[in-house]
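**Q** This structure is in structure tokens; I'll ask about it shortly.
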Amino acid sequence: MPILKEIDYGTPVSIAQTLVTLEIDGKPVTVPAGTSVMRAAVEAGVQVPKLCATDSVKSFGSCRLCLVEIEGRRGTPASCTTPAESGMKVRTQSPKLAKLRRGVMELYISDHPLDCLTCGANGNCELQDMAGVVGLREVRYGYQGENHFNAPKDETNPYFSFEPSKCIVCSRCVRACEEVQGTFALTILGRGFESKVSAGNQPFLDSECVSCGACVQACPTATLIEKSVLE
């Protein structure tokens, strides 16, 4: 019997009493005020590509895959951090958006190990899924430049493995550790290309980590994965 996958609305639910009605890809949808455009889109049956967004933590807007076009507004705002407003007309699909999303995905894949067939998350990897959703077929940048492929694994925790070479620095694990568990064991060290997830700049076993698994559940790739799954 197949396992039914729960719908991920991208951002937490709003409990506001006031309702707003907007249009997404021509479909009218009514949601509580404060609801993100991304969540409103899912309510309307429209899935917007995403990597850093998940409905168990607050919106972050870092992956830039969930860009949309809004009539009367300049640019392409992130749907996860844009609140829905009455009368808003949103377009989630266009040639411009498709080009932007493929470009973003190319950058992710250019610094990601291409070992999908032997990866423990194969078939259950959001990065893999989104590469297919945006129609990525090739990466123009090559794999000869700077990368994080040789970042050392951390196997000190008895329950899960941490493989930073596969990390896309979406901060979902950091936010889950903070917002879901309240442990504050994880953080992002460095800036730009040097950014990385860190457990207090020490091995997981020596850190404040309590092995709750919130970070593992939030991770969209195989960066944080249960050792039982790998086995």
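**Q** Quick check on my filter: what residues within segment 10-43 are of a type outside the set (S, T, N, Q), surrounded by fewer than 19 Cβ atoms within 10 Å (Cβ to Cβ), touching a residue at least 12 places away in the same chain (Cβ under 8 Å) and assigned to a loop (DSSP other than H, G, I, E, B)?
**A** Answer for segment 10-43, where residues must be of a type outside the set (S, T, N, Q), surrounded by fewer than 19 Cβ atoms within 10 Å (Cβ to Cβ), touching a residue at least 12 places away in the same chain (Cβ under 8 Å) and assigned to a loop (DSSP other than H, G, I, E, B): PRO12, VAL13, ILE15, ALA16, ASP25, ALA33, GLY34.
**Q** Among the residues of segment 92-122, count how many are open to solvent by 50 Å² or more (accessible area, probe 1.4 Å), within 21 Å of SER62 (Cα to Cα) and assigned to a helix (DSSP H, G or I).
**A** Total meeting the criteria: 5.
**Q** Turning to a different aspect of this structure: Exactly one of (1) open to solvent by 60 Å² or more (accessible area, probe 1.4 Å); (2) touching a His at 6+ places or on another chain (Cβ under 9 Å); (3) not hydroxyl-bearing (Ser, Thr, Tyr) is unmet by ARG191. Its number?
**A** (2)
**Q** Consider PRO164 carefully, then state whether it is open to solvent by 20 Å² or more (accessible area, probe 1.4 Å), over 21 Å from the mean Cα position of the chain (by Cα) and within 25 Å of GLU106 (Cα to Cα).
**A** Working: open to solvent by 20 Å² or more (accessible area, probe 1.4 Å): yes; over 21 Å from the mean Cα position of the chain (by Cα): no; within 25 Å of GLU106 (Cα to Cα): yes.
Answer is no for this residue.
**Q** Being in contact (Cβ under 8 Å) with a residue 12 or more places away in the chain, within 19 Å of the chain's Cα centre (by Cα) and part of a loop (DSSP other than H, G, I, E, B) is the filter here, so list the residues in segment 123-142 that pass it.
**A** CYS125, VAL134, GLY135, LEU136
**Q** Among the numbered criteria (1) modelled with pLDDT under 95; (2) aliphatic (A, V, I, L, M); (3) within 23 Å of PRO12 (Cβ to Cβ), which one does VAL139 miss?
**A** Single failed check for VAL139: (3).
**Q** From the list ARG175, ARG191, pick out the single residue that is in contact (Cβ under 8 Å) with a residue 60 or more places away in the chain and out of contact with any Pro (no Cβ under 7 Å at 6 or more places or on another chain).
**A** From the options ARG175, ARG191, the qualifying one is ARG175.
Okay, residues lined up against (1) among the small types (Gly, Ala, Ser); (2) crowded, with 19+ Cβ neighbours inside 10 Å; (3) more than 20 Å from the chain's Cα centre (by Cα):
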{"residue": "GLN144", "(1), (2), (3)": "no, no, yes"}
{"residue": "CYS170", "(1), (2), (3)": "no, yes, no"}
{"residue": "SER195", "(1), (2), (3)": "yes, no, no"}
{"residue": "THR221", "(1), (2), (3)": "no, yes, no"}
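**Q** Follow-up question, since we're still on this one. Restricting to segment 44-75, and then to whatever is of a type in the set (Lys, Arg) and out of contact with any helix residue (DSSP H, G or I) (no Cβ under 6 Å at 6 or more places or on another chain), can you tell me which residue is surrounded by the most Cβ atoms within 10 Å (Cβ to Cβ)? I'd like the intermediate steps shown before the answer.
**A** Filtering segment 44-75 down to residues of a type in the set (Lys, Arg) leaves 50, 58, 64, 73-74.
From what's left, out of contact with any helix residue (DSSP H, G or I) (no Cβ under 6 Å at 6 or more places or on another chain): 50, 58, 73-74.
Working: LYS50: 25, LYS58: 14, ARG73: 13, ARG74: 7.
The qualifying residue surrounded by the most Cβ atoms within 10 Å (Cβ to Cβ) is LYS50.
The values are calculated or read from the model by the stated rules, or taken from the named source; none is laboratory data. Values in this document were obtained by computation on a predicted structure and should not be read as measured data. Using ideal geometry, Cβ is built from the backbone for each residue, glycine included, and neighbour counts are taken over all protein chains shown. Side chains are part of the model used for accessible areas, which takes the heavy atoms of the whole protein and leaves out ligands, DNA and RNA. Shrake-Rupley method; radii C 1.70, N 1.55, O 1.52, S 1.80 Å.
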